[in-house]
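Asker: The structure under discussion is supplied below as structure tokens; questions concerning it will follow.
The values are calculated or read from the model by the stated rules, or taken from the named source; none is laboratory data. No experiment lies behind these values; they were computed from the predicted model shown. Backbone-built Cβ (ideal geometry, glycine too); neighbour counts: all protein chains shown.
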């Protein structure tokens, strides 16, 4: 009985945490929607622009069948060529190019 109550309490806390995260996410979305990127860009120096571009990006790896994008603090993103608006490589896959 005690374990069931503890489980319900933990579930309620998790629900509260998710609600809090959801509210914070919505607040960030609202700020980003109001952000005037062109105005911000115009107000920055060349050095500040370089930081904005270089800082979050760890790199892009190019493979025959996909691209892999690494950004600080998040899992790597794998994008198929077709997802990136590029044609399907003729050099990838079994029986592909030589």
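Asker: Return a yes/no flag: does the stretch 53-72 have any residue that is exposed (fewer than 10 other Cβ atoms within 10 Å of the Cβ), part of a helix (DSSP H, G or I) and at pLDDT 80 or above.
Answerer: no
Asker: Ok, one more. Yes or no: residue 21 within 20 Å of the chain's Cα centre (by Cα), at pLDDT 85 or above and surrounded by fewer than 11 Cβ atoms within 10 Å (Cβ to Cβ)?
Answerer: On the way: within 20 Å of the chain's Cα centre (by Cα): yes; at pLDDT 85 or above: no; surrounded by fewer than 11 Cβ atoms within 10 Å (Cβ to Cβ): yes.
So residue 21 fails the test.
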